[in-house]
Amino acid sequence: MMTKQSTGPSVTMDDDLQESFFLEALVDTTDAIFTAVRPDGTLAWVNSAFSRITGYSFKEAVGRKVWEFRCPDEIEEGSRTFQVEVEGRRFESRWRTRDDRTIHLSWTTRSLRNADGSLHLRIGTALDVTAERETEKRAADLSLLLDRSMDAIILISNERRIIYCNNAACDLYRMTREEMLGQPNDMFIPDSESARLAEFGMEIRRDKKPVEIETWRRRGDGIQIPVHLRVTPLMDDDGLITALASVSYDISDRMALEERERQAAERAQLLADLVENLSDPVFHIRPDGTIGYVNSACERVYGHTREEMLNQPSSMLRPDDRVALMAKYIREVQQSSQAVVMETEALHKDGSRIPMELRSTTLRDEEGKVLGIGSVVRDMTLQKELEAELRRAADTDALTGLANRHRFSRVADAEVRRAIRYGHGLAVIACDIDHFKSVNDSYGHAGGDLALKVFARAASDCLRQPIDLLGRVGGEEFAVILPETDLSGAGRVAERIRSAVEKVQVKHDGRAFGFTVSLGVSQFRDGEASLEAAMKRADDALYRAKKSGRNRVEAAPG
């Protein structure tokens, strides 16, 4: 009989078989992984939980070094730390299973020693904590997404105290996180809004559904700001409200909400609920380019259901002519430590294109491994339409709808460059309504304005659309640019305009009246750098038409 001693009670064993029975008796008391490791690091024995969790059978495991089962980047560390005999040592390690999955194991070790004090076996027990670690990673991923959002979000406990705020909320309310956490939410409510917000809060708790309101908020510096506020009650499985999620934004900020200080699983679900509240689309694109997450706003903006987008290539949401641009953008995001912003176009399910502002950042785990790209998208459709309308307003005469002087000059410069490059003819016509002051005196400014509109329509009908350009360059003064037209051709166009205007009748305030127009024609000459000289010659010709009796066309010398 051989006696073996441990740091605890001594153990007596007759032979290896008796030792095996002893280990089997121990392992029957736990469902965790149980291992016995020799001093050289080879596995002497494993229990059935080891095989069930790692996939390696008893025969496949026994005889191998215990650190060989760890993930490749931890093998060297496992070999080194095994030599350190620390009784009751607790640690976590990542293992690769037989089917090449990564699992997280939480270990506790004990040593069994021989009578002479030398190490006989090292006993290890481990719990599989993979699910907890994966849940924590999902929560961290959602946290990263929310940190890139432009919405300000605050989580309020049932005691009406702030238990979470993100960076955007700190920026919006001009306070640090330390100054906000634990403080009553009422600190943001101006006295003038107290009664209204109290009624708003009762409505949320009564109906237990999201409610929106336009109100005022007081920042940390005392300044009041208008915000659009959406508050969503967060409930447990019993339908009891556990917290309130507040999403606010004003005319200058888009903020995000991040949930913190929760159990890993609850925190991940809470953050998912908050992301769903965002008015902008939020994506997670995996490293392989497939879509790993979309919030409900994606369905509204892109027209696809969540199921139609998830796990599909993200290129499904891009026009074909933007694929190369997006590939370059993704590389830039991957190389940047900051969020990267780009304006582009997305593809709607119906084939239409959507102008977008894309704000993206690379998502990494705590070890620096790339998890993909997180993106917050702003639909720029309304803004682009407004910008286009502003551009049109800047180039258009508000009364007649014709090109204004600014646009006329810009087009004139472009046509001069084209005429010089290709040797094309270029002519201009100067137009002035005859006796316009008399029209205003007789029919008022409303009648005069109507006459200007009638002239614009009549003259436009005589031109090649959209080649020729008619612009209002003064009160009752107009000019026409005629690309690829010589002096005689311009004269014919001017005569058509004169004749058409002579025939129109303006009906105003129960009366009808007519008017005429005088026109001067000129041609752009070789060697000139702008249309200024040609316009001067056309004005001189117009002046001669006025002096010669009006309602006529005069041409400048070629």
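The values are calculated or read from the model by the stated rules, or taken from the named source; none is laboratory data. Just so it is clear, the structure is predicted and the values come from calculations on it, not from any experiment. A quick note on method: Cβ atoms are made from the backbone with ideal geometry, for glycine too, and the neighbour counts reach across all protein chains shown.
Among the residues of the stretch 34-63, those identified as part of a loop (DSSP other than H, G, I, E, B) and loosely packed, with under 14 Cβ neighbours inside 10 Å are Asp40, Ser57, Gly63. Taking the conditions (1) farther than 26 Å from Tyr422 by Cβ; (2) surrounded by 13 or more Cβ atoms within 10 Å (Cβ to Cβ) in turn, Arg511 satisfies each one other than (2).
Listed by first and then second residue, the pairs with beta-carbon distance under 7 Å, at least 6 apart or on different chains, first residue in the stretch 305-326 and closer than 12 Å to Leu347 by Cα and assigned by TED's automatic domain parsing to the domain that holds Glu343, second β-branched (Val, Ile, Thr) and at pLDDT below 85, are Ser314/Ile285; Ser315/Val323; Arg322/Thr344. When the stretch 535-557 is limited to residues that are of a type outside the set (D, E, K, R) and farther than 20 Å from Arg496 by Cβ, the one that is surrounded by the most Cβ atoms within 10 Å (Cβ to Cβ) turns out to be Met535.
Checked against (1) buried (at least 17 other Cβ atoms within 10 Å of the Cβ); (2) outside any loop (DSSP other than H, G, I, E, B), Leu463 passes all but a single condition, namely (2). Annotation: Thr97 fulfils all but one of (1) modelled with pLDDT under 90; (2) closer than 30 Å to Lys137 by Cα; (3) among the β-branched types (Val, Ile, Thr); the unmet one is (1). Within the stretch 187-214, the set of residues being closer than 18 Å to Arg160 by Cα and polar (S, T, N, Q) comprises just one member, Ser194.
Quick check: anything in the stretch 393-400 surrounded by fewer than 13 Cβ atoms within 10 Å (Cβ to Cβ), part of a helix (DSSP H, G or I) and either under 41 Å from the mean Cα position of the chain (by Cα) or in contact (Cβ under 8 Å) with a residue 40 or more places away in the chain (or both)? Yes, the conditions are met somewhere in the stretch 393-400.
Assigned to a strand (DSSP E or B) and out of contact with any helix residue (DSSP H, G or I) (no Cβ under 9 Å at 6 or more places or on another chain): which single residue out of Glu214, Glu203 fits that description? Just a single option satisfies the conditions, and that option is Glu214. On inspection, Arg537 does not qualify as closer than 19 Å to Asp413 by Cα and in a loop (DSSP other than H, G, I, E, B). Looking at Ile213, Ile204, just one residue is of a type in the set (Val, Ile, Thr) and either touching a residue at least 24 places away in the same chain (Cβ under 8 Å) or touching an Asp or Glu at 6+ places or on another chain (Cβ under 8 Å) (or both), and that residue is Ile204.
Filtering Thr97, Thr130, Thr108 for residues that are surrounded by 15 or more Cβ atoms within 10 Å (Cβ to Cβ), β-branched (Val, Ile, Thr) and in contact (Cβ under 8 Å) with a residue 12 or more places away in the chain leaves a single hit, Thr130.
Scanning the stretch 405-429 for residues that are crowded, with 19+ Cβ neighbours inside 10 Å and in contact with a Lys or Arg (Cβ under 9 Å, 6 or more places away or on another chain) gives Phe408, Leu426, Val428.
Would it be correct to say that Arg331 is more than 21 Å from Leu363 (Cα to Cα) and assigned by TED's automatic domain parsing to the domain that holds Glu357? No, not satisfied.
Where helices (runs of 4 or more DSSP H) fall entirely within the stretch 274-340, those with at least 1 residues that are under 27 Å from Gly368 (Cβ atoms) are at 323-335.
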